[in-house]
Amino acid sequence: MKTVNPYLTFNGNCEEAFNYYKSVFGGEFPYVGRFKDMPAGSPVPDELREKIMHISLPISKETTLMGADASEVFGPLPSFGDNISLMVNTDSEEEAQRIFSALSDGGKITMPLGRTFWNALFGMCTDQFGIGWMVSFDYSNHD
């Protein structure tokens, strides 16, 4: 089953925000990744190493709140109003490719769909209407 989840981008205070959301919704973080966890050779400035690369907080059976800190190293910093994207998690690699291709058609690809170090097929784009999308297929959940 496909799921669509909100993905929030912050300018350095993602951890603070997610600790607040955890106090509101309860639950635990199944994953907290910091930029220092990226593979060797990745361009991570020292001041970014402890910042959040990815965090997730399930807030219901169907919905997970996701987030990260932004850095100019990886693209423009978000501003109020453009700091949320929709994350589509798919059931197959083919479905991820089809959805990513359709969403990026007439829009702009910000990260091409490709295999990542966290064992997922992942890509980011802005559609022709200005909406940010992330498309993912997690290989580890489908072995």
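Whenever you get a sec, compute what percent of the accessible area on the chain sits on carbon and sulfur atoms (1.4 Å probe).
Carbon and sulfur together cover 53 percent of it.
Out of all DSSP beta bridges with both ends in the chain, state the antiparallel percent to the nearest 5.
75
Please calculate how many Å² of accessible area region 85-143 carries per residue, with a 1.4 Å probe and no DNA, RNA or ligand atoms counted.
Dividing the accessible area of region 85-143 by its residue count gives 55 Å².
Given points 7 Å out from each Cα along the Cα-Cβ axis, report the Q97 to E50 separation in nanometres with one decimal.
The modelled label-to-label distance comes out at 4.3 nm.
Compute the convex hull volume of the Cα atoms of region 1-119, divide it by the residue count, and report the result per residue in Å³ as a whole number.
In region 1-119, the Cα convex hull volume per residue is 124 Å³.
When the helix-only estimate is applied to the chain (DSSP H runs of n ≥ 4, each -39,500 (n - 2.57), divided by the residue count), what is the mean residue ellipticity at 222 nm, nearest 500 deg cm²/dmol?
It comes out at -5000 deg cm²/dmol, rounded to the nearest 500.
Would you mind estimating how fast region 17-85 diffuses translationally, via Stokes-Einstein at 20 °C and 1.002 mPa s with the Kirkwood radius over Cα pairs, in µm²/s?
Using the Kirkwood radius from Cα pairs, D works out to 161 µm²/s.
Compute the distance in nm between two label points, each set 7 Å from the Cα along the Cα-to-Cβ direction, one at T116 and one at E16.
Placing both labels 7 Å along Cα→Cβ, they lie 2.5 nm apart.
The values are calculated or read from the model by the stated rules, or taken from the named source; none is laboratory data. Only a predicted model underlies this, so the values are computations on that prediction, with no experimental measurement involved. Using ideal geometry, Cβ is built from the backbone for each residue, glycine included, and neighbour counts are taken over all protein chains shown. Surface areas here come from the heavy atoms of the whole protein model, side chains and all, with no ligands, DNA or RNA. Shrake-Rupley method; radii C 1.70, N 1.55, O 1.52, S 1.80 Å.
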